[in-house]
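Inspection log for the structure reproduced underneath, given as structure tokens.
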Amino acid sequence: MTDFTLPGFDLDAFVRATLAEDLGSGGDITSLAVIPADARFEGVMDSRDAITVAGLPIAERFFRALDPAMAIEILVEEGEGVAAGTDLMRLSGNARAMLTAERSALNTVQHLSGIATLTRRYVDALGGAATLLDTRKTIPGLRVLEKYATRMGGATNHRMGLWDAAMIKDNHVAVAGSVEEAARRAVAAGIETIIVEVDRVDQVEPALGAGATHLLLDNMGLDDLRASVAIVAGRVPVEASGGVTLETIGAIGATGVTYVSVGRLTQSAPAADIGLDFALA
């Protein structure tokens, strides 16, 4: 079995829970009724479109959970871009186990590869002018998996949760009274990384003076992004965010920002078209 782990994520528990959701109390009644217990299948998982691959070792876990002796060969690397029609995985083993695990395995690979594929498109459109970041706009319970997929597509993970950096946004500012006061309170709390969201150029210097260690420039036009970058002058990382599309990300990156963050990577990525074909062994 592939030695694959995701720090902070119990992959075995995820596989068990996902299979339990599908099997319910009655199991795979169709396969139990139609497929002999000793029947064996050979299968090939392949991409129907050009994709960036993510999730194959997780798919392997689903099949092995039901047939530990199944022969599985992963044919491409995680994060690899492949052409339509590329074989991704070969399997040989118990037919019932394959059919029962098929949907859970495919759902996972399709979802994660869809995220990785869209992420790669954004990375390519950015053209190296800045670093692409993901966001916390993830499906509850799947953040570690989805952020793994963005890494496979070439992005860098931003905050994993509310605990690893302060992110001062407009609602925090509204309660604190000002950008400066909100930042000062975070400094006083001993927080090391303090990200401050600003949406006007005149907020940049006050945020820096109050202790921001990272600025998020929210929904700024290109001229304001360039002006903000000039004011910061390399003192802290600068992130552009808000409504970024494939058509606009190149120009945004060219303003000199350090990062561009895109919620669509995990929020709106379509599933990759991946299939699994079986034949009697």
Assigned charges on the beta-carbon of Lys, Arg, Asp, Glu; the chain dipole about Cα centre (debye): 360 debye
Cα centroid distance between region 34-92 and region 257-281, in Å? 16 Å
Separation in nanometres of the label points that stand 7 Å from Cα toward Cβ, at A189 and T245: 3.6 nm
How big is the chain by the Kirkwood estimate over distinct Cα pairs, in Å? 20.9 Å
Charge-dipole axis of region 163-204 as Lys and Arg at +1 and Asp and Glu at -1 on Cβ define it, positive-most pick from A165, V187, Q203: V187
Using DSSP to call loops (not H, G, I, E or B), can you name the trypsin sites (Lys or Arg not before Pro) in region 22-81 whose Cβ has at most 15 other Cβ atoms within 10 angstrom? R48
Run through every distinct alpha carbon pair of region 83-200 and return the Kirkwood hydrodynamic radius in angstroms, one decimal place. 17.6 Å
Solution diffusion estimate, µm²/s, Stokes-Einstein, region 207-271, Kirkwood Rh from C-alpha pairs, 20 °C, viscosity 1.002 mPa s: 173 µm²/s
Given the Cα atoms of region 1-62, and with Rh set as the inverse mean 1/r over their pairs in the Kirkwood sense, what is Rg to Rh to two decimals? 1.03
Helix-only [θ] at 222 nm, the chain, -39500 (n - 2.57) per DSSP H run of 4+, per residue, nearest 500, equals -12000 deg cm²/dmol
What GluC sites (Glu not before Pro) does region 41-141 have in DSSP loop regions with at most 12 other beta carbons within 10 Å? E77
For all pairs of alpha-carbon atoms in region 1-136, what percent lies in each bin of width 5 Å, listed from the first bin to the last filled one? 2, 9, 18, 20, 18, 14, 9, 5, 3, 1, 1, 0
Two-site FRET efficiency, D164 against T30, from Cβ-Cβ distance with R₀ of 45 Å, rounded to 0.05: 0.50
Options L75, F63, G43, ranked by Cα towards positive dipole end of region 29-88, top entry (Cβ charges): F63
How charged is the neighbourhood of E78? Take every other residue with its Cβ under 15 Å from the Cβ of E78, and add Lys/Arg as +1 and Asp/Glu as -1. -2
Residue-span extension gain [R226 to E80] - 0.36 nm each, minus C-alpha spacing: 49.1 nm
Might you report the magnitude of the Cβ-based charge dipole of region 1-119 about its Cα centre, with Lys and Arg at +1 and Asp and Glu at -1, to the nearest 20 debye? 260 debye
Viscosity 0.692 mPa s, temperature 37 °C: what is the translational diffusion coefficient of region 27-75 from Stokes-Einstein with a Kirkwood Rh over Cα pairs, rounded to a whole number of µm²/s? 250 µm²/s
Leaving ligands, DNA and RNA out of it, report the carbon-plus-sulfur percent of the accessible area of the chain at a 1.4 Å probe. 51 percent
Scattering from the C-alpha atoms of region 163-281 alone, worked out with Debye: what is log10 I(q)/I(0) at q = 0.09, 0.10, 0.13, 0.15 1/Å? -0.31, -0.37, -0.54, -0.68
With R₀ set to 41 angstrom, the calculated FRET efficiency between the beta-carbons of A176 and D124, to the nearest 0.05, is 0.55
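The values are calculated or read from the model by the stated rules, or taken from the named source; none is laboratory data. Predicted model, so just to flag it, every value in this text is computed and none were measured. Cβ sites come from the backbone with ideal geometry, for glycine too, and all protein chains shown count toward neighbours. What goes into the accessible areas is simple: the full protein's heavy atoms, side chains included, and nothing from ligands, DNA or RNA. Shrake-Rupley method; radii C 1.70, N 1.55, O 1.52, S 1.80 Å.
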